[in-house]
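The values are calculated or read from the model by the stated rules, or taken from the named source; none is laboratory data. Note that the structure is predicted; figures quoted are calculated from it, not measured. FYI the Cβ positions are ideal-geometry reconstructions off the backbone, even for glycines, and counts take in every protein chain you see.
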Amino acid sequence: MDSMPKTHESTFEFLCKKPYTPPSWAANLNPIPSHVFSLGQFPTPIHKWNLPNLPKGTEVYLKRDDLSGMQLSGNKVRKLEFLMAEAVAKGADCIITIGGIQSNHCRATAVAAKYLNLDCYLILRTSKALVDQDPGLTGNLLVERLVGAHVDLISKEEYASIGAVALTNILKEKLLSEGRKPYVIPVGGSNSLGTWGYVEAVSEIQQQLGKGSGGITFDDIIVACGSGGTIAGLAVGTWLSGLAAKVHAYCVCDDPDYFYDYVQGLINGLQAGVSSRDIVNIQNAKGLGYAMNTAEELIFVREIAKATGIVLDPVYSGKAAYGMMSDMAENPRKWEGRKVLFVHTGGLLGLYEKTEQITPLVGNWRRMDVHASIPRKEGTGKMF
Ligand SMILES: *Cc1c(COP(=O)(O)O)cnc(C)c1O
């Protein structure tokens with residue numbers, strides 16, 4: 001209280017670039033990032049998740065990466081801590097990234113860019129019918145547009161035929177020709193540098209297990225997969241650290257073979273020298289397709305929210321948890337007595353795009369019934 005800090009720089013730990021030292025077990029990965037930029041609130045809590053209808057003796061815990069901060073940025077904060085540090089080191093004056101119209105990654109990047117006083121350019125994929133229209137303010141778009149990100153819309157068809165890398169390159173060349181210094185972040189922030197975010201998360205989990213957790217160890221780590229960086233980091237970190245857990249991923253787009261290959265590329269980029277198939281088990285949880293939901297999935301999200309207070313997003317964690325609970329119901333013997341850590345990767349704003357589909361699933365409202373005998377006098381309840 002009475003000792004005044006000498007300088008602000010030496011006092012505040014948030015929103016600054018710091019030298020990075022990897023956990024000792026990751027010291028042989030290569031390249032090792034030189035810096036990290038603190039953007040999130042870490043460690044995120046781990047707590048028991050009292051899910052209904054679990055197999056006998058199964059315990060599920062939640063890693064609350066939905067509480068990682070930066071305006072609900074979920075798992076993307078961990079990747080951006082490394083990516084933005086490199087953007088700053090390279091002297092970038094603007095950030096380019098790309099994703100779906102409700103991309104949590106694009107929203108997180110837009111916020112991070114503005115924290116660093118950088119311009120942000122987003123290429124967002126939408127349907128052909130909507131590509132010439134104002135994209136509106138639903139969910140992630142509201143935050144992106146409030147923080148002043150530049151939005152370029154591209155149709156799904158053009159995205160599919162041109163590809164994300166070429167599209168970001170076109171924008172990069174344009175900005176370069178205008179004398180700007182753009183830094184490009186790939187889809188989902190999932191390159192080898194971004195993968196460090198979840199290598200670090202494993203170290204964080206390890207420390208949380210060491211500290212006052214009553215000697216708990218996890219048999220399984222379960223997480224959603226959309227662009228592969230999160231599972232790559234978790235799998236490599238778990239393997240290298242010797243944390244005795246199996247990593248299970250539920251993919252919400254493409255298919256498991258695609259992700260085994262993509263994760264292999266990320267692993268090779270870190271020179272980890274291991275096969276993706278040996279360190280992660282990937283299952284399909286795509287359902288109707290990326291960002292599309294069945295009524296059953298949304299009812300599941302509602303039931304889990306009602307039973308536990310935990311709101312899952314419909315695009316990622318909702319599908320992963322649905323996949324996990326379906327498997328537990330179908331193969332209870334496989335899960336009996338296991339201790340499972342489910343990583344909640346965030347994505348709450350994605351729910352706002354589903355309000356129409358959710359409306360018939362929620363009730364619980366009525367006009368309040370106040371009996372005529374209750375005294376009424378103008379001005380009693382002051383509202384303004
Ligand atoms: C991006 C995202 C994921 C998937 O993570 P990847 O590293 O892209 O596989 C999961 N959950 C949420 C909420 C996300 O935004």
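Residue-level analysis places residue 209 outside the set of residues that are in the same structural domain as residue 106 (by TED's automatic domain parsing) and surrounded by fewer than 20 Cβ atoms within 10 Å (Cβ to Cβ). Within the range 346-375, residues that are outside the structural domain of residue 104 (by TED's automatic domain parsing) and within 16 Å of the ligand (Cβ to nearest atom) sit with their Cβ atoms under 6 Å from residues that are of a type in the set (Phe, Trp, Tyr) and in a loop (DSSP other than H, G, I, E, B), at 6+ positions apart or across chains, in these pairs: 347/316.
Could you list, in sequence order, all residues of the range 182-196 that are in a helix (DSSP H, G or I) and of a type in the set (A, V, I, L, M)? Listed by number, the residues that qualify are 187, 193. Might you let me know whether the range 187-205 holds any residue that is outside the structural domain of residue 30 (by TED's automatic domain parsing) and away from the ligand (no atom under 16 Å from the Cβ)? No, that holds for no residue.
Mind listing whichever residues of the range 99-115 are surrounded by 19 or more Cβ atoms within 10 Å (Cβ to Cβ) and either among the acidic types (Asp, Glu) or more than 15 Å from the chain's Cα centre (by Cα) (or both)?
So in the range 99-115, the residues surrounded by 19 or more Cβ atoms within 10 Å (Cβ to Cβ) come out as 99-113.
Passing the criteria: 101, 113.
I'd like to check something: does the range 261-274 contain any residue that is buried (at least 20 other Cβ atoms within 10 Å of the Cβ) and of a type in the set (Asp, Glu)? No; the residues of the range 261-274 include none that is buried (at least 20 other Cβ atoms within 10 Å of the Cβ) and of a type in the set (Asp, Glu).
Looking at 141, 118, 175, 171, which is the one that is in the same structural domain as residue 81 (by TED's automatic domain parsing), under 26 Å from residue 262 (Cα atoms), touching a residue at least 24 places away in the same chain (Cβ under 8 Å) and not acidic (Asp, Glu)? Lay out the reasoning, then the answer.
Values: 141 fails: under 26 Å from residue 262 (Cα atoms); 118 fails: under 26 Å from residue 262 (Cα atoms); 175 fails: under 26 Å from residue 262 (Cα atoms).
Residue meeting the stated conditions: 171.
Here residue 221 does not fit the description of being in the same structural domain as residue 104 (by TED's automatic domain parsing) and within 16 Å of the ligand (Cβ to nearest atom). Looking at the structure I just gave you, is residue 271 assigned to a helix (DSSP H, G or I), out of contact with any helix residue (DSSP H, G or I) (no Cβ under 8 Å at 6 or more places or on another chain) and either under 30 Å from residue 121 (Cβ atoms) or more than 16 Å from the ligand (Cβ to nearest atom) (or both)? So residue 271 does not fit the description; no. Scanning the range 60-75 for residues that are over 19 Å from residue 233 (Cα atoms) and assigned to a strand (DSSP E or B) gives 60, 61. Among (1) of a type in the set (Ser, Thr, Tyr); (2) modelled with pLDDT under 95; (3) within 22 Å of residue 321 (Cα to Cα), which single condition is residue 213 missing? Of (1) of a type in the set (Ser, Thr, Tyr); (2) modelled with pLDDT under 95; (3) within 22 Å of residue 321 (Cα to Cα), only one is false for residue 213: (3). Please determine, by comparing only the residues of the range 250-268 that are more than 24 Å from residue 22 (Cα to Cα) and touching a residue at least 40 places away in the same chain (Cβ under 8 Å), which one is nearest to the ligand (Cβ to nearest atom). By that ranking, first place goes to 252. When residue 246 is tested against (1) assigned by TED's automatic domain parsing to the domain that holds residue 59; (2) touching an Asp or Glu at 6+ places or on another chain (Cβ under 6 Å); (3) within 14 Å of the ligand (Cβ to nearest atom), just one condition goes unmet, and that condition is (3). Residues that are under 24 Å from the mean Cα position of the chain (by Cα) and more than 17 Å from residue 85 (Cα to Cα) within the range 17-41 comprise 23, 26, 29, listed in sequence order.
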